[in-house]
Amino acid sequence: MRLFDTHCHITDERFDEDRDDVIQRMKDAGVERALIVGDGAQEAQPAFALAEAYDWMYAATGVHPHDASCWGDEARARVERWMGHPRAVALGEIGLDYHYDLSPRDVQKLVFDEQLDMAYRLDKPVILHIREAHGDTTDMLTARWKAGRLPRGVMHCYTGSWESAKQYLAMGLYISFSGAVTFKNAPKLSEVAKNLPIDRLLVETDCPYMAPVPMRGRRNEPAFVAYTARKVAELREMDPEELALRALENGCRLFGIE
């Protein structure tokens, strides 16, 4: 399969001891493109360094909703500076997370809104992290969409319903499947995978988290995106190689990659 892992965190410390081996396994598994997501609340330099070292890797950064309380002039300037890097293809991950509430919800919404503004102004797609916050997210995105100020983007690691997915699709957003679609207790995701228009579908690992079946319980890594692609293909009754290629093409189109 020809694969694009559209969301991975291989600069995470859990890869420090064997990162070179992980990268080799990516290539062996058919991963032709990878988007490395850096930490905008701290310093995204490691993600961009990898993207500079490998011509098939790209980078993104933004302030995660967990870290929204860290937002301010310094973080704002840092994210905008990285968006000017030649390997920067997206702003994110950004959004709302009401599961952990590690930052106050009003602060999360403010920071989310400001970063959406930045992405629209800079003409960068956004990587959206939404957890247990689809109501507020839909309201915020719909208002921007109606005003013609919604940047293009993707619902990363999607775990919502088909009804919610249809709302995001109507606004031109993409939907990305992680290893969660392989879990037995994910009937909602199976419905989304079966019905999603093929030209809006992406796959990802979100590694080191969310390892797919049959690797569940292990540290996730980009090579495992093949399992997710195969599961989505199975649900759609498609050839896995065709599904992977279409997802690769979709990712390149969204992120402006050759």
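The values are calculated or read from the model by the stated rules, or taken from the named source; none is laboratory data. Source: prediction; values computed, not measured. When we count neighbours, we look across all protein chains shown, and the Cβ atoms used for this are built from the backbone with ideal geometry, even at glycine.
Listed values, structure above:
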quantity: Residue among 101, 106, 113 that is acidic (Asp, Glu) and under 19 Å from the mean Cα position of the chain (by Cα); calculated: 113
quantity: From 137, 159, residue being part of a loop (DSSP other than H, G, I, E, B), of a type in the set (S, T, N, Q) and surrounded by 15 or more Cβ atoms within 10 Å (Cβ to Cβ); calculated: 159
quantity: Tabulated pairs, the range 194-223, first on the phi > 0 side of the Ramachandran plot, second among the hydrophobic types (A, V, I, L, M, F, W, C) and in a helix (DSSP H, G or I), C-beta under 7 angstrom, 6+ apart or interchain; calculated: 210/180
quantity: Test: residue 169 is touching a Leu at 6+ places or on another chain (Cβ under 8 Å), within 27 Å of residue 91 (Cα to Cα), aliphatic (A, V, I, L, M) and surrounded by 22 or more Cβ atoms within 10 Å (Cβ to Cβ); calculated: no
quantity: Single residue of 102, 50, 96 found to be of a type outside the set (Val, Ile, Thr), out of contact with any Phe, Trp or Tyr (no Cβ under 9 Å at 6 or more places or on another chain) and either within 19 Å of residue 134 (Cβ to Cβ) or surrounded by 24 or more Cβ atoms within 10 Å (Cβ to Cβ) (or both); calculated: 102
quantity: Selected residue (only one of 133, 68, 75, 59 is aliphatic (A, V, I, L, M), touching a helix residue (DSSP H, G or I) at 6+ places or on another chain (Cβ under 9 Å) and closer than 30 Å to residue 26 by Cα); calculated: 59
quantity: Residue match in the range 87-110 (condition: assigned to a helix (DSSP H, G or I) and under 25 Å from residue 208 (Cβ atoms)); calculated: yes
quantity: Any hit, the range 63-85, residues being within 14 Å of the chain's Cα centre (by Cα) and polar (S, T, N, Q); calculated: no
quantity: Flag if residue 235 is surrounded by 24 or more Cβ atoms within 10 Å (Cβ to Cβ) and over 22 Å from residue 32 (Cβ atoms); calculated: no
quantity: Unique residue being surrounded by fewer than 16 Cβ atoms within 10 Å (Cβ to Cβ) and modelled with pLDDT of 95 or more when the list is 197, 187, 212, 222; calculated: 197
quantity: Residues of the range 195-240 satisfying the condition of being hydrophobic (A, V, I, L, M, F, W, C) and not in a helix (DSSP H, G or I); calculated: 196, 201, 202, 203, 207, 210, 211, 213, 215, 238
quantity: Candidates 203, 192 - the one that is in contact with a helix residue (DSSP H, G or I) (Cβ under 6 Å, 6 or more places away or on another chain), under 15 Å from residue 6 (Cα atoms) and crowded, with 23+ Cβ neighbours inside 10 Å; calculated: 203
quantity: Single residue of the range 239-258 satisfying the filter (without any contact (Cβ under 8 Å) to a residue 12 or more places away in the chain and in contact with a helix residue (DSSP H, G or I) (Cβ under 8 Å, 6 or more places away or on another chain)) that is surrounded by the most Cβ atoms within 10 Å (Cβ to Cβ); calculated: 242
